[in-house]
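Bear in mind that the values in this text are calculations on the coordinates, not laboratory data. These figures come from a predicted structure and were not determined experimentally. Heads up, the Cβs are rebuilt from the backbone with ideal geometry, glycines too, and the neighbour counts pull from every protein chain shown.
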Amino acid sequence: MENTTDRTGSGNHKIGHDTLVALTNGRFVDVENGCFFTPGTCVMIQGGTIAAVTAPGDEGRADARVAGETGIAKPDVTFDLQGKTVLPGLFNVHCHVQMVIPTVFADLKTLKARRRYHALQVEKNMAACLERGVTNIRDAFADDLRMNRRLKERIAAGDIPGPRIQQAVLVGPLGGYLTPELKGMKKVLLGLLGLGKIKYEAPHSGAIAFAPDADDRTVRDAVDRAIDERGAELIKVGESMEESLLNANPMTMAVHQLDAIADQARRRGVQSTIHSVSVDTFRRAVKAGFSSLAHMARDGDLTRDDIKACLGAGAVIDPTLSVGYDMSWKLKNDPFAEIPRMEAMYEFRNGTFADLAKQFWIPELRPFVVEGFQKANAGKYRMLGLIDLSKLLAHFSRMMHYGCLNTKRLYEKGASVACGNDGGIQACTPAMVSHELSCLGLCLNTPGERKTFDGAAALRTATINSARSMGLDDRFGSIQAGKKADLAVVEGNPFEDPAVIGKRVDALFMDGNLVIDKCGLNLVRI
């Protein structure tokens with residue numbers, strides 16, 4: 001076994017491909033059953049994969065054997081995990097890696113700092129993912145794909161630490177959400193946010209636009225181009241019925257176009273997701289068969305039939321409630337300004353925002369994050385001191401009512417919930433998985449009643465459910481023989497304290513290699 005220099009700044013053990021490694025004296029988490037594996041369980045790793053999960057007395061079981069005709073093969077190397085808890089690698093199924101937006105309530109100084117320190121913050125975000133056990137993330141939209149391609153190359157080469165990045169490419173009509181016509185003041189505004197610089201026909205654009213009246217063949221061709229030309233690992237539709245910074249009056253899609261996109265993605269073996277923030281989009285997306293629904297309907301109540309249809313279709317929901325944390329504020333004459341959920345959000349936010357800014361933002365951008373929060377908390381909702389964002393924010397105050405209620409209804413009926421936080425959108429970063437789980441707890445648990453979103457549910461959300469949302473549950477998401485050896489070693493009991501999930505790890509195995517070791521794991525060479 002070769003010792004190398006750890007990219008995170010501590011000792012790293014690179015495991016040889018044929019080396020058989022045993023992990024002992026750990027409390028291994030069974031996310032499927034919501035408990036720990038039997039005390040004394042040993043996890044065997046070989047070739048970057050979990051070769052076996054064995055408990056005392058398993059020596060005679062065929063499914064516990066690693067090699068040989070009888071018994072369990074003798075390991076080459078053993079790590080003593082010191083009685084610590086071991087989680088599968090965590091997921092963020094919906095983030096925006098290249099979006100570094102400290103606040104939407106920005107002035108020119110903020111925008112200048114964002115451009116200057118963009119690369120530094122992105123690198124911090126990638127390192128922070130591993131530091132918190134997040135080994136797989138999905139970029140839900142990138143204006144220019146070249147930036148993420150270069151980032152992935154640097155991570156793969158070992159230049160910087162970071163998770164695996166699955167890339168989405170957006171497919172939609174010209175004039176739709178995320179595919180606006182790039183001209184006039186809209187182009188200027190998008191430019192201030194670092195967007196709207198790439199023509200949709202360019203091979204490195206993160207979006208492919210077709211004519212609003214395109215037929216099914218044209219739409220299917222767009223999906224094929226996204227996969228074959230742009231390298232899409234996820235097909236995204238950006239439909240929205242809300243006012244946005246990107247498009248004041250976005251176009252919705254015809255049902256036959258949604259059907260064609262979801263079906264062509266299935267035929268190509270690629271997951272599909274849709275920006276679903278209205279009841280109408282939710283219904284049409286479920287009927288079309290999208291793999292997952294990003295965000296949540298927040299313009300009205302989902303009916304029992306809507307929920308039944310979603311469950312029957314097997315769609316995973318990615319509520320991204322962290323967006324509500326950053327964008328839900330009290331507005332004058334707004335019917336949702338004084339509802340209990342809004343009051344609870346203000347209390348929760350006031351108690352957590354400063355610490356989040358300190359943990360996840362570089363010192364050069366942190367003051368702008370805090371300043372934006374203070375402006376919004378004081379009811380000052382302007383960009384550049386001129387552009388009133390109240391019309392945009394009104395959609396997120398509705399989220400505190402309809403969005404939370406619809407998420408709760410789906411969850412309580414058994415919908416599969418995944419962990420995505422829209423990291424990259426203002427003040428949120430891809431590594432803030434624990435924060436998204438806290439927002440889900442705030443939404444789904446009723447004060448004074450038994451918690452329905454408990455530690456076991458939070459674990460499933462950040463692991464196996466999210467792996468399923470990304471189409472990776474055959475390789476990731478649980479501690480199971482045959483799956484990739486991504487294992488986060490932490491202190492604490494996640495079943496009793498969900499905050500353990502996504503906190504800084506003591507150690508991290510990724511692809512079977514020990515890439516972070518902050519606790520000096522005992523290595524025994526055999």
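Couplings 3J(HN,Hα) for segment 144-159, derived from phi with the Karplus relation 6.51 cos²θ - 1.76 cosθ + 1.60 (θ = phi - 60°), are 10, 5, 4, 5, 6, 4, 5, 4, 4, 5, 5, 5, 4, 7, x, 5 Hz, where x marks Gly and Pro.
Over 18 Å between C-alpha atoms is what I'm after, so list which of Lys413/Lys451; Lys14/Lys484; Lys109/Lys330; Lys236/Lys287; Lys124/Lys484 land there.
Beyond 18 Å between Cα atoms: Lys109/Lys330; Lys124/Lys484.
Extending 7 Å from Cα along the Cβ direction at Ala119 and again at Lys380 yields two label points whose distance is 3.3 nm.
Distance between the modelled labels on Lys358 and Asp388, one decimal in nanometres: 3.7 nm (7 Å Cα→Cβ projection). Between the residues Gly441, Asn406, Ala458, the greatest Cα displacement towards the positive end of the dipole of segment 371-526, with unit charges on the Cβ of Lys, Arg, Asp and Glu, is found for Asn406. Across the chain, the volume of the C-alpha convex hull divided among the residues equals 146 Å³ per residue.
When Leu90, Leu437, Leu386 are ordered from fewest to most other Cβ atoms inside 10 Å of their Cβ, what list results? Don't jump to the answer; show the numbers that get you there.
Details: Leu90 31, Leu437 27, Leu386 7.
Ascending Cβ contact count within 10 Å gives the list Leu386, Leu437, Leu90.
Per-residue Karplus couplings for segment 387-404, computed as 6.51 cos²θ - 1.76 cosθ + 1.60 with θ equal to phi - 60°, are listed in order as 8, 6, 9, 4, 5, 5, 5, 4, 5, 8, 5, 5, 4, 5, 9, 5, x, 5 Hz, Gly and Pro entered as x.
Take each of the peptides 340-348, 469-477, average the number of other beta-carbon atoms within 10 Å over its residues, and list them starting from the highest.
On the way: 340-348: 15.6, 469-477: 21.2.
Going by the mean number of other Cβ atoms within 10 Å, highest first, we get 469-477, 340-348.
For Leu514, the residues 5 or more places off, or on other chains, whose built amide H falls under 5 Å of its own are His13, Ile15. Checking Cβ-Cβ separations below 4.7 Å across the chain identifies Cys35, Cys42, Cys95, Cys129, Cys310, Cys419, Cys428, Cys439, Cys519 as cysteines lacking any candidate disulfide partner. Gyration tensor over the Cα atoms of segment 321-415: the corresponding equivalent ellipsoid has semi-axes (square roots of 5 times the eigenvalues, largest first) of 25, 18, 11 Å. With both labels modelled 7 Å from their Cα along Cα-to-Cβ, the Thr452 to Arg266 distance reads 2.9 nm. Only Lys, Arg, Asp and Glu carry charge here, each on its Cβ (+1 for the first two, -1 for the last two); on that basis segment 90-469 has a dipole of about 560 debye about its Cα centre. Candidates Ala394, Ser416, Ala226 compared by Cα position along the dipole of the chain: farthest toward the positive end lies Ala394, with charges placed on Cβ.
Taking the average, over residues, of other Cβ atoms within 10 Å as the packing measure, peptides 301-312, 206-217 rank 206-217, 301-312 from highest down. Taking segment 394-435 and a reference point 7 angstrom along Cα→Cβ of Glu343, the backbone N atoms nearer than 19 Å belong to 397-402, 404-405.
Computed on the chain, with alpha-carbon pairs under 8 angstrom and 6+ residues apart, the relative contact order is 23 percent. Across segment 327-339, computed HN-Hα scalar couplings (Karplus, 6.51 cos²θ - 1.76 cosθ + 1.60, θ = phi - 60°) run 10, 9, 9, 6, 10, 4, 6, 8, x, 9, 5, 10, 5 Hz from first to last residue, x flagging Gly and Pro. Between Asn445 and Cys519, the C-beta separation translates, for a Förster distance of 30 Å, into a calculated FRET efficiency of about 0.40. For Asn493 and Asn350, a Förster radius of 30 Å and the Cβ-Cβ distance give a FRET efficiency of 0.60, rounded to the nearest 0.05. Under a 5 Å amide H cut-off, with hydrogens placed 1.01 Å from N, Gly176 pairs with Met251 among residues at least 5 apart or on other chains. Rounded to the nearest 0.05, what FRET efficiency do Arg475 and Thr303 have when you use their Cβ-Cβ distance and R0 = 41 Å? Given R0 = 41 Å and the Cβ-Cβ separation, E is 0.65. Packing here is the average count of other Cβ atoms within 10 Å per residue, and on that basis the peptides 377-385, 459-467, highest first, run 459-467, 377-385. In a fully extended conformation the segment linking Ala313 and Asp280 would gain 10.3 nm over its present Cα-Cα distance, using 0.36 nm per residue.
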